[in-house]
Amino acid sequence: MSAMKDRMLAGEPYLADDPAIVADLERAARLTERFNRSAAGDPQGRLAALRELLGTLGEDAWIRPPFHCDYGSQTHLGPRSFVNFNAVFLDVARITIGADVQIGPNVQLLTATHPVEPEARRAKWEAAKPITIGDNVWLGGGVIVLAGVTVGDNTVVGAGAVVTRDLPANVVAVGNPARPIRTLT
């Protein structure tokens with residue numbers, strides 16, 4: 001491992017042009033391409049690509065192509081969870097998705113962050129914060145979840161919502177930024 005990759009995995013600012021990081025990105029790009037180009041009639045081939053790509057693929061979990069990620073190895077998908085078409089998981093930090101989660105089409109889970117200061121951004125520093133999605137969550141189509149957010153168990157996030165901060169368990173949340181509008185019993 002390299003110093004920059006260690007920094008990345010620790011959630012500290014890092015430079016992504018480090019050879020170890022670039023090698024991980026290229027590995028994920030190859031596996032993602034293999035998954036996205038796999039034949040619909042070859043579910044075992046798709047499953048094999050996902051198992052090789054992701055950090056964890058729970059039993060009976062599934063992702064519909066196309067799927068895009070940075071590393072794959074930082075994504076952990078729980079059992080019986082489903083990810084619909086066109087998901088984008090910028091998994092610079094760990095993305096943990098619980099059991100029985102439903103993720104709609106065009107959902108983005110974005111762990112990556114960049115400095116607000118222009119000089120640091122110009123110098124290509126970046127960082128990341130983990131995202132955690134609890135069990136039995138439903139993220140509607142087009143939901144965006146930002147770095148460092150946790151969504152509690154059983155929560156429903158309405159289509160198009162932008163989740164900028166943690167959501168508790170057992171609520172329906174909508175809007176930009178997403179806010180709970182109802183408690184589930």
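The values are calculated or read from the model by the stated rules, or taken from the named source; none is laboratory data. A quick note: this is a predicted structure, and the numbers were derived from the prediction, not measured. When we count neighbours, we look across all protein chains shown, and the Cβ atoms used for this are built from the backbone with ideal geometry, even at glycine. These area figures cover heavy atoms from the full protein model, side chains too; ligands, DNA and RNA do not enter into them. Shrake-Rupley method; radii C 1.70, N 1.55, O 1.52, S 1.80 Å.
What net charge do the residues around G152 carry, taking every other residue with its C-beta under 15 Å from that of G152, with Lys and Arg at +1 and Asp and Glu at -1? All intermediate terms of the calculation are to be shown ahead of the outcome.
On the way: positive: R165, R179, R182; negative: D100, D135, D153, D166.
Surrounding charge for G152 is -1.
Relative to a virtual label point 7 Å from the Cα of F85 in the Cα→beta-carbon direction, which members of the range 46-78 show backbone nitrogen distances below 12 Å?
Counting backbone N atoms under 12 Å from the label point, the list is 64-67.
Could you check what % of the DSSP bridge pairs in the chain are antiparallel, to the nearest 5? Intermediate results must be reported in sequence, preceding the final value.
Numbers: 8 of 40 bridges.
Taking every DSSP beta bridge within the chain, about 20 percent pair in antiparallel fashion.
Once the range 1-125 is represented by equal point scatterers at the alpha-carbon sites, with solvent omitted, what log10 I(q)/I(0) does the Debye formula produce at q = 0.13, 0.15 Å⁻¹?
-0.55, -0.71
Show me 148-158, 78-88 ranked by packing, highest mean number of other Cβ atoms within 10 Å first.
Per-residue mean Cβ counts within 10 Å order the peptides as 148-158, 78-88.
Assuming 0.36 nm per residue, please report the length gained on full extension of the stretch A39 to A169 beyond their Cα-Cα distance.
43.0 nm
Counting only protein heavy atoms, what percent of the accessible surface of the chain is carbon or sulfur at a 1.4 Å probe?
About 53 percent, which is the carbon plus sulfur part of the accessible surface.
Could you report the chain's accessible area per residue, 1.4 Å probe, as an integer in Å²? Don't jump to the answer; show the numbers that get you there.
Values: 9110 Å² over 185 residues.
It amounts to 49 Å² per residue over the chain.
What is the distance, in nm, between label points placed 7 Å from the Cα along the Cα-to-Cβ direction at H68 and at R182?
3.3 nm
Taking 8 Å as the Cα distance limit and 6 or more residues as the minimum spacing, I'd like the relative contact order of the range 1-59 as a percentage.
Over the range 1-59, the number comes to 22 percent.
Counting only helical runs of four or more DSSP H residues, what would the 222 nm mean residue ellipticity of the chain come to if each run contributes -39,500 (n - 2.57) and the total is spread over all its residues?
Value at 222 nm, helices only: -7000 deg cm²/dmol.
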